[in-house]
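Take a look at the structure below.
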Amino acid sequence: MSNILVGVTGGIACYKTAYLVREFVKSGHNVKVMMTKQAEKFVGYTTFEALSQNEVLRDDYTPTPISHIDYASWADICIIAPATANIIGKINAGITDNELLSTVIALSCPLVLAPAMNTNMYHNPIVQENINALKKKGIHIIDAESGLLACQTTGEGKMAEPNDIAEKVLSILNNKEHKKDNILNSENNLLQGLNILITAGPTKEYIDPVRYITNKSSGKMGYALAEEAYKMGANVTLISGEVGIISPLQDIQYVVSAEDMYNTFLKYFPQADIIIMAAAVADYTPNKMENNKIKKKSDTMELSLVKTKDILLYAGENKQNNQVLVGFAAETDNIEEYAKSKLMKKNADIIAANDVSRKDIGFDSSDNEVTLYFKNGEKRNTGKQSKIDIAKIILTESAILYNENQSE
Ligand SMILES: Cc1cc2nc3c(=O)[nH]c(=O)nc-3n(C[C@H](O)[C@H](O)[C@H](O)COP(=O)(O)O)c2cc1C
């Protein structure tokens with residue numbers, strides 16, 4: 001039994017959504033409904049309350065003080081039917097100016113839209129662009145069908161029938177669970193035969209032969225990922241900055257600077273199936289490394305730095321569709337915002353974000369707590385756990401994505 005959140009927006013097809021809710025309830029699922037103000041002009045919320053046996057989230061009535069968060073976190077899947085041209089555009093633009101939209105943006109489960117509108121509206125390039133952009137973001141679209149429309153014209157734009165929508169929503173839900181079960185059941189050989197490329201540790205940017213700029217990364221997270229991936233059957237290549245870890249892994253490519261890491265990465269990237277970039281690579285490096293030790297002279301000294309090559313960006317821009325790319329975001333503030341923006345900018349499949357301002361986790365600690373942000377808008381918090389257990393979660397989620405990519 002799953003929790004299904006049904007969104008209703010303002011189109012004639014609203015009346016069909018009552019049948020959809022009944023389908024879900026009949027097949028034993030919990031259903032909650034949310035409606036836009038415009039939708040309420042077509043069908044009264046009382047119908048949906050009676051059918052779902054739950055209070056309807058509306059602009060004029062929020063069942064709990066922060067209903068948009070409560071409804072979003074309750075849902076295992078969310079279907080918006082009918083989805084108006086208006087709501088499709090607003091979701092694509094990230095607008096949240098009503099309760100339904102605020103809930104949608106807070107979802108961490110799959111989102112499905114069943115568009116319904118007049119044929120000219122449906123064929124309008126703006127609407128089509130929005131639909132295609134949403135598809136690319138991993139949002140499921142149940143294409144509108146051809147038929148007689150409420151405006152008495154015949155053409156594309158008719159909402160799919162409630163039983164077909166129900167079938168598709170449940171298959172998305174089951175498929176996800178099924179894939180997860182299958183993968184999790186294969187436990188130890190989850191990554192059997194896959195090439196996994198992992199980067200770990202800090203880089204060192206030399207100023208002169210005895211001085212360098214580095215960071216606090218211990219390499220523990222990257223090594224945990226590499227060793228767990230090996231145990232799960234993967235062919236692992238670990239590119240590591242200088243760390244004090246002794247590892248039984250055979251294929252470790254040691255590097256020093258961000259430049260070395262980039263060059264080594266280029267060699268192994270094309271044949272990797274899953275790439276996990278846990279290294280803390282310097283963003284800037286000295287303009288020039290002095291050949292001799294710099295002597296103490298004046299009271300102040302200026303160091304000129306230049307940007308290093310962005311390895312994650314390179315990987316995102318050059319990855320093939322079947323490669324899964326995972327990046328890390330070590331942040332001290334606005335973690336969610338930075339992580340989501342990194343996900344988009346770097347074209348990664350997953351960003352694992354952690355709060356490095358916390359003393360009990362992160363750099364040099366054996367524990368960590370990360371939130372995984374997925375391309376399709378889902379997110380998963382691991383809670384505080386050992387880096388080994390976090391590594392297992394990240395590898396499992398990467399394997400699920402890899403398998404999904406293969407079956408598409
Ligand atoms: C009688 C009537 C029928 C409508 N049917 C649709 C429709 O099927 N699809 C659609 O995208 N918009 C339709 N609209 C326009 C939407 O109701 C309008 O764009 C509204 O702003 C949508 O609000 P919402 O997306 O917040 O629910 C219809 C409007 C009226 C008056």
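At 0.36 nm per residue, and after removing the present C-alpha to C-alpha distance, how many nm does the segment from Asn287 to Val210 gain when stretched out fully? Numbers along the way, then the final one.
Working: separation 77, 0.36 × 77 = 27.72 nm, distance 1.63 nm.
In short, 26.1 nm is gained.
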Margin query: I'm checking a number: the convex hull volume of the Cα atoms of segment 313-408, normalised per residue, in Å³. What is it?
Written below: 90
Notebook entry, point to check: Give or take rounding to whole Å, what are the principal axis extents of the alpha carbon atoms in segment 90-182, in descending order?
Noted result: 46, 31, 23
Note to self: Working only with C-alpha atoms, what are the Rg and Dmax values of segment 188-407, expressed in angstrom?
What the structure shows: 17.6, 64
Check: Spin-label point model (7 Å from Cα, Cβ direction): what's the Ile141 to Asn381 distance in nm?
Finding: 3.3
Notebook entry, point to check: For segment 19-31, what does the Karplus curve 6.51 cos²θ - 1.76 cosθ + 1.60, with θ = phi - 60°, yield as ³J(HN,Hα) per residue in whole Hz, taken in order and with x for Gly and Pro?
Noted result: 5, 4, 4, 4, 4, 5, 5, 4, 8, x, 8, 7, 10
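Taking 0.36 nm per intervening residue step and subtracting the Cα-Cα distance, what contour gain separates Glu161 from Gln320 on full extension?
53.6 nm
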Checklist line | Under 5 Å, built H, 5+ apart or other chain: amide partners of Leu305 | finding: Asn287
Item checked: Out-of-range pairs (alpha-carbon distance over 19 Å; input Lys37/Lys379; Lys267/Lys319; Lys231/Lys387; Lys136/Lys307; Lys319/Lys346; Lys136/Lys342) -> Lys37/Lys379; Lys136/Lys307
Next item on the list: Based on other C-beta atoms within 10 Å, arrange Met159, Met289 from fewest to most.
Entry: Met289, Met159
Check: Cα atoms only, segment 82-140: Rg and Dmax in Å?
Finding: 11.0, 33
Next item on the list: With no solvent and one equal point scatterer per Cα, compute the Debye intensity ratio I(q)/I(0) for segment 3-184 at 0.11, 0.14 Å⁻¹ and report its log10, rounded to two decimals.
Entry: -0.43, -0.71
Notebook entry, point to check: Comparing Thr300, Thr84, Thr382, which has the greatest mean-square fluctuation in the GNM of the chain with Cα pairs linked when under 10 Å apart?
Noted result: Thr300
Next item on the list: Can you quote the Å³ per residue value for the convex hull of the Cα atoms in segment 6-66, rounded to an integer?
Entry: 70
Item checked: Rg/Rh for the chain, where both radii come from Cα atoms and Rh is the Kirkwood radius -> 1.06
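Hey, what number do you get for the chain at 222 nm if only DSSP H runs of n ≥ 4 count, each worth -39500 (n - 2.57), divided across all residues, to the nearest 500?
Details: 13 runs with 149 residues, N = 408.
Calculated mean residue ellipticity at 222 nm is -11000 deg cm²/dmol.
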Check: Residue-wise, which Karplus ³J(HN,Hα) couplings in Hz belong to segment 329-340, taking 6.51 cos²θ - 1.76 cosθ + 1.60, θ = phi - 60°, and x for glycine or proline?
Finding: 10, 8, 10, 10, 8, 6, 4, 4, 4, 5, 5, 5
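Which shape class, rounded, prolate or oblate, goes with segment 1-105 when its Cα gyration tensor gives a ≥ b ≥ c as root eigenvalues, a/c under 1.5 marks rounded, and past that a/b bigger than b/c marks prolate?
Rounded shape, in that the Cα axes give a/c under 1.5.
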Checklist line | Where a label projected 7 Å from the Cα of Lys359 along Cα→Cβ would reach, residues of segment 200-235 with amide N under 20 Å | finding: 216-218
Margin query: Using a 7 Å offset from the Cα along the Cα-to-Cβ direction at both Lys340 and Val25, what is the distance between the two label points in nm, to one decimal?
Written below: 3.3
Margin query: Over the chain, with a Gaussian network built from C-alpha contacts below 10 Å, which listed residue (Ile87, Ile390, Ile213) shows the highest mean-square fluctuation?
Written below: Ile213
Check: Gln253's amide H: which non-local residues (gap 5+, or another chain) put their own amide H closer than 5 Å, with H modeled 1.01 Å from N in plane and none for Pro or chain starts?
Finding: Leu238, Ile239, Ser240
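No value in this document is a laboratory result; all are computed from the given coordinates. Predicted model, so just to flag it, every value in this text is computed and none were measured. Virtual Cβ from ideal backbone geometry, glycine too; neighbours counted across all protein chains shown.
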